[in-house]
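Scroll down for the structure; my scribbles are underneath it.
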Amino acid sequence: MSAIELRAIRKRYPPREPGLPPQELLQGVDLTVRRGEFVAVEGQSGSGKSTLLHLLGGLDRDFDGEARVLGCDLRAVKDAELAALRHTQIGFVFQSFNLLPALTALENVLLPDFFGAGVPDAERRAREALQRVGLADKAGSRPAALSGGERQRVAIARALLARPPLLLADEPTGNLDAKTGEGVIDLFRQLHREGMTLLIVTHEARVSHAASRVLVLREGVLHADGAEAVETE
Amino acid sequence: MRIGKLIRLARGNLVRELGALAVSAGGVALGTGCLVFFLALGAGLQRVVNDVFPVSTREVEVVVPQLAFGSLLGEQKLDDAAVAKLRAIRGVAAAYPKMQLRIPAVTRYNGLFFGKEIRMGLEVVATGLMPELVGQDARMPFGDRGEGQPIPVVVNRRLLELYNKVFAPQRGLPPLVESNLVGFQIPVELGRSFVTSRTLPDPQETSMVVVGFSDRATLAGVSMPLAAIQRINRRFGADATGYSSVLVRAQSADDVSELAAAVKRLGLEIDDSERRSAVQIGAAVELVTLALSLLAALITGLAAVNTMQAFYASVRERTREIGVLRAVGATRGDVAAVVLAEAAATGLAGGVVGVLIARGAAALLDRLARKGLPDFPFKPDTFFRFHAGHVAVGIGVALLAALLGAFLPARAAARLDPAKALTES
């Protein structure tokens, strides 16, 4: 069974200036990702990688085409159902960490527990997640007191709290030094081995090397790495 | 989203934005403080009015109409038969006839008055009351002791207040309390007048003894037992059967309007001059309180606008965070709830501080009044009356103002496009 199925996805943005044509960032993207697969999507800056990720996460529903994530038709479900999907089925990791500065590391990891029906046994899971990313001793620290690598690991721990089957990451090593980035990539490898489906948007080769499949987003269309083919299955 | 988690999430943001939200809370506190202050002032002044004009909602004073056809023909009279008719009206609990002293009387006092030598001459105006009406206010027996015996009198408490605050300071006399005067005897000469220089045949020298102080006693003079007034009027050939008025007490306040209609059907009238004064002054106090409360409401409204601006700014600053909340599973409603919870906390803090400001300002004003204002009659210990309702209104209005102010920003936060929010720099 597929974790992700996209068919003929098109995404337009309004023209930047009057008189110019609308920008078509995704021009008919087809993609199938099997459960347990680790897929890296490469592309130049502004190629639409983040847009694709937001679309997969149900954060952006303004597109044409058919999109199913974990069996959920993203255009057909209601807003609350999408929120529930993000809450329990999808973990997000962002390039700029996106931690809430007013909360401690532990509270940031616990953030998904604040919403919906919460997360079962959330505090224990949060501490375990922090331990897993090597930050058990930083539970009470606020983001301002953490290094970039530590912040990203807290963000990963947050994404893992609800033990989602799908992890979406947007340039997760983009703001990290080489050594810290390696640690994060190792963590992704480990999650992949445990059966988690990962789709990571990146422009770094070291991340792509860890993936089981690499795709390139070019001129609004997904290509298999080093090929011109559109079909990616 | 559970309330405990909502509070935890809101608390973090509140702590971070303490400065900006303190300004909003300060505005709400100012408006709420003014509102509670003016409401308490209105209630305090209303209490003063009630003290000066004690009006019972169950009682009416029945009199003979001044221009009634019956009275012109000499038929309309408040005698025992009329009192019996009044008592027979449905809903009447009791009727107490009153009678004026219908002959002139004077008092002359030459001698020591509580340590001060005085010479005083006054016309005596007296009203007869039934002892049941005075009740426990009389500390000594309030009944007619017969001719040649001292006549017991009760004095209105407001007269004692006027004596202490106006008369005594002007004449250098000592201030008095009720217990000083109970048992005090004053000579009185019945059948003589200083004003008209008229003396009735066979005037009588006797005395009055103060037996108590009562709000039931007349404000114009002293009140004697009804039987004593009737005896004196009869002795000097004045009307001793027609009453000046009858105080009618209804079984409940709800019966009063029906009672008033029945009184009119009997060809009698209700003298509500004192009640009207109390109502008019009370209405004036209410009007001023209302105007000041509206001013306070305006301040609170401005505070709500300020809160709106503060929360719009806060939402703009936290756009990316709101995107994160949506990414981890928050619904639009959750996002709105977080903003409104922060507003509620701001309003609650503003309300509590506002109530404290009002209490402090009232205490300060009372202190200034005690020291700065002359000791005028009926000067209250406090011009304010705070009760739980004022606190509830103050905090409720503060909460409402903050929530209303934050409503649009909360809606804007809920409607943020999460994908755009996450890319906000």
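Data for the structure
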{"quantity": "Hits in the range A:157-205 (condition: touching a helix residue (DSSP H, G or I) at 6+ places or on another chain (Cβ under 6 Å), under 20 Å from A:ASN108 (Cα atoms) and basic (Lys, Arg))", "calculated": "A:ARG158"}
{"quantity": "Neighbours by Cβ (under 6 Å, 6+ apart or cross-chain): first from the range B:318-347, assigned by TED's automatic domain parsing to the domain that holds B:ALA401 and over 17 Å from B:GLY4 (Cα atoms); second assigned to a loop (DSSP other than H, G, I, E, B) and of a type in the set (D, E, K, R)", "calculated": "B:THR319/B:GLU424; B:ARG320/B:GLU424"}
{"quantity": "Within the range B:392-425, tally of residues that are surrounded by fewer than 21 Cβ atoms within 10 Å (Cβ to Cβ) and more than 14 Å from chain A (Cβ to nearest Cβ)", "calculated": "12"}
{"quantity": "Candidate set: the range A:1-35, residues that are assigned to a strand (DSSP E or B) and among the charged types (D, E, K, R); chosen: the one farthest from A:LEU215 (Cα to Cα)", "calculated": "A:ARG12"}
{"quantity": "Which listed residue, of A:ALA67, A:ALA122, A:ALA105, A:ALA117, is without any contact (Cβ under 8 Å) to a residue 24 or more places away in the chain and either small (Gly, Ala, Ser) or more than 10 Å from chain B (Cβ to nearest Cβ) (or both)", "calculated": "A:ALA117"}
{"quantity": "Pair list, Cβ < 8 Å and 6+ apart or interchain, from the range B:3-19 residues that are facing chain A (nearest Cβ under 7 Å) to residues that are exposed (fewer than 15 other Cβ atoms within 10 Å of the Cβ) and assigned to a loop (DSSP other than H, G, I, E, B)", "calculated": "B:ARG16/A:PRO101"}
{"quantity": "Residue selected from the range B:155-189 under the condition out of contact with any strand residue (DSSP E or B) (no Cβ under 6 Å at 6 or more places or on another chain) and of a type in the set (Phe, Trp, Tyr), by the criterion surrounded by the most Cβ atoms within 10 Å (Cβ to Cβ)", "calculated": "B:TYR163"}
{"quantity": "Within the range A:70-90, tally of residues that are facing chain B (nearest Cβ under 8 Å), more than 16 Å from A:LEU198 (Cα to Cα), buried (at least 17 other Cβ atoms within 10 Å of the Cβ) and free of Cβ contacts under 8 Å to residues at least 60 places away in the same chain", "calculated": "2"}
{"quantity": "Top-ranked residue of the range A:38-59 - restricted to ones that are modelled with pLDDT of 90 or more and not in a helix (DSSP H, G or I), ranked as nearest to the other protein chains (Cβ to nearest Cβ)", "calculated": "A:LEU59"}
{"quantity": "Filter pass, B:VAL195 being more than 33 Å from the chain's Cα centre (by Cα), surrounded by fewer than 17 Cβ atoms within 10 Å (Cβ to Cβ) and aliphatic (A, V, I, L, M)", "calculated": "yes"}
{"quantity": "Helices (runs of 4 or more DSSP H) completely within the range B:165-277 that count 2 or more residues being modelled with pLDDT of 90 or more", "calculated": "B:178-181, B:226-235, B:256-265"}
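The values are calculated or read from the model by the stated rules, or taken from the named source; none is laboratory data. Remember, predicted model here, so these are calculated numbers, not experimental data. Using ideal geometry, Cβ is built from the backbone for each residue, glycine included, and neighbour counts are taken over all protein chains shown.
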